[in-house]
1. Could you list all residues from the stretch 158-202 that are in contact with a helix residue (DSSP H, G or I) (Cβ under 9 Å, 6 or more places away or on another chain), in a helix (DSSP H, G or I), among the polar types (S, T, N, Q) and modelled with pLDDT under 85?
2. One residue is enough: does the stretch 110-131 have a residue meeting the conditions surrounded by fewer than 24 Cβ atoms within 10 Å (Cβ to Cβ) and either within 13 Å of the chain's Cα centre (by Cα) or at positive phi (or both)?
3. Only one of these is more than 23 Å from THR202 (Cα to Cα), touching a strand residue (DSSP E or B) at 6+ places or on another chain (Cβ under 8 Å) and of a type outside the set (Asp, Glu): LYS30, LYS43, LYS18, LYS80. Name it.
4. Could you run through the stretch 1-22 and say how many residues are β-branched (Val, Ile, Thr), under 18 Å from ILE53 (Cβ atoms) and more than 18 Å from the chain's Cα centre (by Cα)?
5. Among the listed residues LEU89, LEU97, which satisfies the condition of being over 19 Å from VAL38 (Cβ atoms), under 20 Å from the mean Cα position of the chain (by Cα) and at pLDDT 85 or above?
6. Against the definition (more than 14 Å from SER112 (Cα to Cα) and free of Cβ contacts under 8 Å to residues at least 60 places away in the same chain), how does GLY77 come out, yes or no?
7. Tell me, please, whether a residue that is of a type in the set (Ser, Thr, Tyr) and farther than 22 Å from LEU170 by Cβ can be found in the stretch 33-49.
8. Residue check: is ILE99 touching a Lys or Arg at 6+ places or on another chain (Cβ under 6 Å), of a type in the set (A, V, I, L, M) and within 24 Å of LEU178 (Cβ to Cβ)?
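The values are calculated or read from the model by the stated rules, or taken from the named source; none is laboratory data. These figures come from a predicted structure and were not determined experimentally. Cβ coordinates were reconstructed from backbone atoms using ideal geometry, including for glycine residues, and neighbour counts include every protein chain displayed.
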Amino acid sequence: MEFITLLLILVNVIVSYKGFSNQAFFDGYKFEVDRILVNKDYKRLITSGFLHINWMHLLFNMLSLYAFSNILESSLGGAKFLTVYMASLIGGDLLSLLIHKHHSDYSAVGASGAVCGIIFASIAIFPGMGVGFFGLPFSIPGWLYGILYVGYSIYGVRSAKDNIGHDAHLGGALIGMLTALAFVPGAFVENYPTILIITLPTLAFIYLIISRPQWLLVDNLFYKTHSDHYSIDHRYNEEKTMNQKQIDKILDKINTKGMDSLSNAEKEKLKQYSKKLR
């Protein structure tokens, strides 16, 4: 394992473990729209990428990083590899911030955007590489994986049929690929058909986000028909929204009927909520 890859995995494990055991730490560094746009807490664009919901979430992202990192880091060198990783992390979060700028309580964590950047940087430089899937005895060409992934991500953001963080994945993938090509411009000359097929629809879609936001049907927090298959990142978002609705209902009850009207369960819920705000 290359040095920077090992370092990134260690930092992800240490920071995520701290978040698992300390809710205040987790809440202080996760991606949250209001904290970034209103409070100008821009560090969250970076710190959120090193937090994870649980061990399974962390393991999946780190295994994905490990699978693609060695060939890219050995080719680019440690400093350039780290630049691709960090640019992808920030790029994914910026696109997510752009899409969800009106969803004040939208929040997310995870290294998925950065990992997608590493995957697509590898595809841009080595389009003939095989992309395998855990547990399956076959792989597909990297260029085909890239085309399918971009198409699926655009469809996912456009339709809002699930709660997967397609926006951060797509932003990270695009920025990672472009950053790698800036370091290895010769790869574009050799692989431009694949790169253009991936890049052009992604850029066109981002343009639509900026110029025609009414065309988007994106509201992952409040979409009413959820799929049973969605990412652990956004399962957290859904649970957070449901908890807030329960608290709002309790506060309305206090306002109309007084504190004595609460059940023991409602009082306990309110007590737990109060602790989180301290």
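1. THR194, THR202
2. Scanning the stretch 110-131, I find no residue that is surrounded by fewer than 24 Cβ atoms within 10 Å (Cβ to Cβ) and either within 13 Å of the chain's Cα centre (by Cα) or at positive phi (or both), so the answer is no.
3. From the options LYS30, LYS43, LYS18, LYS80, the qualifying one is LYS30.
4. Result for the stretch 1-22: 1.
5. Sole residue among the options that is over 19 Å from VAL38 (Cβ atoms), under 20 Å from the mean Cα position of the chain (by Cα) and at pLDDT 85 or above: LEU89.
6. Criteria met by GLY77.
7. no
8. In short, no.
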